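To start, the structure under review is shown below, and the notes come after it.
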Amino acid sequence: MSISMNNTFKLFEPFLSRVSRSFRLWKRSESPESFSVIFDRFREVLERNNRSLEIITDMGEKLGGDYLFDVMYIRKAYGELREEIRGSILNFDLLTRNRYPELHAAYERIDTLIRRMVDGIPSMAREMVISFDNIDWHKFREVGGKNAHLSEVKNRLKLNVPEAFVITTDAFDAFIDHNGLRERIAQRPDAMIDETAMKALQESILQGEIPAVIDIALRDALEKIREKSGDCFLAVRSSAEEEDGGFSFAGQFETILNVHLDDVAVKDAYKKVVASLYSSKAMAYQRQLGYEIGRMRMAVGCVVMVDAVSSGVMYSTGPGGNEGYLLINATWGLGGSLVEGKIDGDLYVVRKESEPEMVNAAYGKKGSMMISLKEGGTTEVRTPDDMEMKPCLTGEQIAELAREGMIIEKYFGNPCDIEWAIGKSGTISILQARPLMIQGEGERPAIVDEDWADSGYALLFRNRGTVVQKGAGSGKVFAVKHPDELNSFPKGAVLVARHDSSLFVQVMPIASAIITEIGTPMSHMATLCREMKVPTVVNVGDAVLTLKQGQEVTLYAGDENTVAVYEGVARHLLARGQADSVMMEDVYEFRKKRYIMRYITPLNLVDPLMNEFTPEGCKSMHDILRFMHEKAVAELVESARRESIRSRGHGNVMKLDISVPAGIIVMDIGGGLDVHSDDTKATLEQIRSVPLRAIIRGMVHPGLWQSEAISLKVNDFLSSMMRMPDIVSDSEHYAGYNIAVISKEYVNLSIRFGYHFTMLDCYCSDSARNNHIYFRFVGGATDIVKRSRRVELIAAILREYGFNITTKGDLIVARLANIGRDETEALLDKVGRLIAYTRQLDALLHDDSAVTQYTRDFLSGHYEH
């Protein structure tokens with residue numbers, strides 16, 4: 001027995017119409033606001049967001065190292081940014097009817113942090129102790145430079161860092177005030193370099209009392225460490241506000257190793273580290289570098305000790321500036337003897353490749369080694385004879401250290417001085433990562449024609465696209481078609497994709513370069529690339545076809561939009577590609593202002609489908625903008641849906657006269673149609689709405705629209721009968737009328753064909769960053785297995801076009817944004833075809849192989865069922 005889908009629908013059509021009329025009357029009683037007003041507010045949010053992003057981009061470029069600016073620039077630029085964001089929030093509140101009041105708190109929190117730094121206002125948070133796990137962007141000043149960098153290695157790069165906590169700079173203030181030392185520290189600078197005065201100050205610190213507020217927080221932190229790591233020992237280390245920033249302060253402050261996990265021992269060690277801030281050598285160092293004497297504060301890190309078999313230091317780039325190599329210095333036991341120059345450790349020179357290669361090794365005579373004592377503290381012992389000349393590291397350990405060194409260098413955007421240790425289990429622990437000063441950096445000449453000719457490498461293409469982030473990177477091509485493929489992205493590869501995507505942030509720390517066929521220099525991805533200094537070029541055209549999967553290439557992105565992609569690893573270009581920002585970053589004021597950008601430019605809200613995509617998850621002004629954009633689009637979609645319901649049966653709509661019986665009526669809110677006053681229908685030629693015209697063009701494509709009824713199996717018919725309550729309920733998925741709310745650049749199209757409902761919302765303008773496509777599909781007459789297969793088919797096809805997909809049962813939601821006008825039109829044409837193609841297809845999906853077959857047919861342009 002089989003019954004046609006059309007007949008089934010006709011059977012219940014009178015009942016459906018009656019229920020639908022009731023639903024419309026109920027909706028009208030809400031006295032809704034004009035959709036035109038809502039649309040204007042949406043556009044105002046977009047425009048202010050765009051102006052905000054332009055300001056952020058300008059600030060980011062200033063911090064690229066090519067300009068020097070003062071605090072007046074920061075104040076002016078941030079003032080403009082603040083004004084635009086506040087205006088955007090105002091319109092956003094009106095648009096969403098104050099649905100997100102928490103966004104105000106997020107904005108106030110971030111704004112307060114920024115203005116506090118700009119104007120030098122002290123923190124009001126007053127956290128005494130912070131776990132490494134809880135250190136985020138805005139706590140840099142509280143935890144000091146060293147702890148901030150190391151916690152980023154742990155929390156963002158997910159490399160192995162021991163459990164740790166920080167006694168903060170707020171605790172430092174509390175300690176100094178509690179012991180009445182503020183006035184002595186604030187005395188005139190000359191007195192602060194008097195050795196006798198400094199020793200007296202240090203002694204007062206060593207004899208000082210720990211305030212109860214610190215004592216309580218410290219005991220709690222120690223207990224948590226004990227719960228996680230057992231009865232261990234700690235390394236108590238300095239982390240002054242500016243330490244490991246532009247300058248390392250190497251050896252200036254105290255480090256106490258192998259401290260008992262009890263509060264008395266840790267408090268004694270803490271005071272020793274604080275006192276070292278006022279040693280004569282540390283004060284002289286600060287004076288030489290132009291720091292304001294007596295103003296620096298000290299945070300102290302307490303890190304679980306690694307029972308090290310070997311340890312040492314790694315320079316992620318040779319200190320002479322040879323970017324192609326890194327150096328590893330290693331010894332047995334703890335690394336103290338090595339960094340203090342007491343022993344001759346092993347030195348490994350490693351070529352930085354996707355698979356690092358050791359090119360030279362010199363094995364030192366490691367006559368002594370530092371070890372931890374069981375009772376606490378450390379001692380230096382003679383190295384056993386059979387270990388003196390034995391290499392400290394295996395080949396595998398060298399390679400893994402090099403890989404981690406390259407990742408850290410990539411993430412921080414400059415060569416790094418990295419301390420590491422390998423425990424008895426063979427696990428590598430990162431203990432410190434700070435900027436490495438490179439000698440001899442200077443202006444590099446731009447690439448000239450001779451360089452291209454003499455390179456010795458095959459030039460794959462040049463001067464195509466737009467440079468987003470200058471630099472050079474090499475590696476094997478990894479073409480990404482779907483976001484899922486990012487999970488298998490190899491370290492050091494070159495990411496090649498059709499579109500840019502903020503989802504690429506997942507692999508940016510390990511990507512050598514990014515090349516996209518389509519994209520803009522002001523997209524979210526572009527901002528992330530600049531933030532992470534990933535050499536990036538967008539809009540290059542046929543990159544996916546030109547660059548083969550696994551092919552080793554070098555991207556050079558230089559000044560004046562110079563772009564070149566070579567086959568192989570073009571080392572001379574890699575050397576040229578390093579941005580000359582080191583000298584600028586040496587300037588103290590420059591570094592200080594760069595910290596401010598931590599609360600402006602980073603984009604943390606990447607995926608709107610994640611739980612943390614909330615106002616509370618906003619950590620920067622960029623996050624605020626991202627959140628508003630996503631929710632503004634959602635609000636527009638919902639408002640348009642309501643408007644389509646409200647407009648049904650009113651005189652302000654016009655029927656669409658096209659070659660397929662889609663039954664679409666159109667409500668034009670501005671510039672969407674070119675019709676005369678006496679016209680009763682609008683033809684395809686009269687559609688001026690760019691997105692609607694593209695969709696209809698796809699729907700009427702020859703061979704797609706199946707006019708014949710498709711037979712239902714008995715179980716499908718029974719399934720459709722059982723699902724009737726869904727169809728006639730208030731469910732938004734089934735409130736369908738074939739109606740389009742349009743303007744010249746916008747469409748919200750709601751279509752119901754039988755038992756399934758499609759919603760398509762799109763903004764398509766000349767500004768790629770404003771553009772979006774939102775697609776939602778649900779339902780069908782057949783059983784859930786077949787309906788799910790159709791959703792699987794639709795998802796497979798949309799993924800091929802780069803959509804971000806979410807599915808649940810027979811519901812699919814697909815999103816795509818930040819796409820150029822031409823590309824958007826082309827995609828909408830495909831989506832229009834897909835709507836027509838899958839209209840009754842679920843009844844034919846008898847097994848999983850049919851999904852594969854029909855997907856392949858559609859993508860190859862064979863539309864006959």
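The values are calculated or read from the model by the stated rules, or taken from the named source; none is laboratory data. Fair warning: this is a prediction, and the values are worked out from it, not measured in the lab. With ideal geometry, Cβ positions are generated from the backbone for all residues, glycine too; neighbour counts draw on all protein chains shown. Ligands, DNA and RNA are stripped out before the accessible areas are found, and what is left, the full protein with its side chains, is counted by its heavy atoms. Shrake-Rupley method; radii C 1.70, N 1.55, O 1.52, S 1.80 Å.
Largest accessible area first, the residues Asp623, Asp263, Asp194 order themselves as Asp194, Asp263, Asp623 under a 1.4 Å probe with ligands, DNA and RNA left out.
Work out how much length Glu195 to Val118 would gain on full extension: take 0.36 nm times their residue separation and subtract the Cα-Cα distance, in nm to one decimal. Walk me through the numbers on the way to the answer.
Values: separation 77, 0.36 × 77 = 27.72 nm, distance 3.39 nm.
Contour length minus the Cα-Cα distance gives 24.3 nm.
Which entries in the list Lys228/Lys271; Lys267/Lys374; Lys631/Lys655; Lys154/Lys352; Lys76/Lys619 go over 27 Å, if you measure between the two C-alpha atoms of each?
Cα-Cα > 27 Å for Lys631/Lys655; rest within.
For the pair Asn463 and Ala634, what calculated FRET efficiency results from E = 1/(1 + (r/R0)^6), where r is the Cβ-Cβ distance and R0 = 56 Å, to the nearest 0.05? That gives a FRET efficiency of 0.90. Accessible area per residue (1.4 Å probe, heavy atoms of protein chains only) ranks Arg789, Arg856, Arg382 as Arg382, Arg856, Arg789, with the largest value leading. For the pair region 131-171 and region 655-708, the centres of their Cα atoms are 58 angstrom apart. Rounded to the nearest 20 debye, the dipole size of region 593-643 about its Cα centre is 380 debye, using +1 on the Cβ of Lys and Arg and -1 on the Cβ of Asp and Glu.
If packing is taken as the mean number of other Cβ atoms within 10 Å per residue, what is the order of 221-231, 87-97, highest first? Don't jump to the answer; show the numbers that get you there.
Working: 221-231: 14.5, 87-97: 19.2.
The packing order, highest mean first, is 87-97, 221-231.
Ignoring any ligand, DNA or RNA, what whole percent of the accessible area of region 82-166 comes from carbon and sulfur when the probe is 1.4 angstrom? Percent of accessible area from carbon and sulfur atoms in region 82-166: 50. The portion of the accessible surface of region 768-865 made up by carbon and sulfur, rounded to a whole percent, is 48 (1.4 Å probe; DNA, RNA and ligands excluded). The mean sequence distance of close C-alpha pairs (under 8 Å, at least 6 residues apart), as a share of the length of region 93-182, puts its relative contact order at 29 percent. Using the Karplus relation 6.51 cos²θ - 1.76 cosθ + 1.60 with θ = phi - 60°, the per-residue 3J(HN,Hα) values for region 830-840 come to 5, 5, x, 5, 5, 4, 5, 5, 9, 4, 10 Hz, with x marking Gly and Pro. For region 810-865, the square roots of the Cα gyration tensor eigenvalues, ordered a ≥ b ≥ c, give a/c of at least 1.5 with a/b greater than b/c, which places it in the prolate category. With 0.36 nm allotted per residue and the present C-alpha distance subtracted, the Glu127-Tyr363 stretch has 80.3 nm of extension available.
Rg over Rh of region 72-224, using C-alpha atoms and the Kirkwood radius, what does it come to? Mind dumping the intermediate values first?
Values: Rg = 20.4 Å, Rh = 18.9 Å.
So for region 72-224, dividing Rg by the Kirkwood Rh gives 1.08.
Over the Cα atoms of region 748-799, what is the Rg over Rh ratio if Rh follows Kirkwood? Write out the running numbers ahead of the final one.
Working: Rg = 13.6 Å, Rh = 12.5 Å.
Using Cα coordinates only, the ratio equals 1.09.
Each peptide in 470-477, 543-550 gets a packing score, the mean of other Cβ atoms within 10 Å over its residues, and the list from highest to lowest is 470-477, 543-550.
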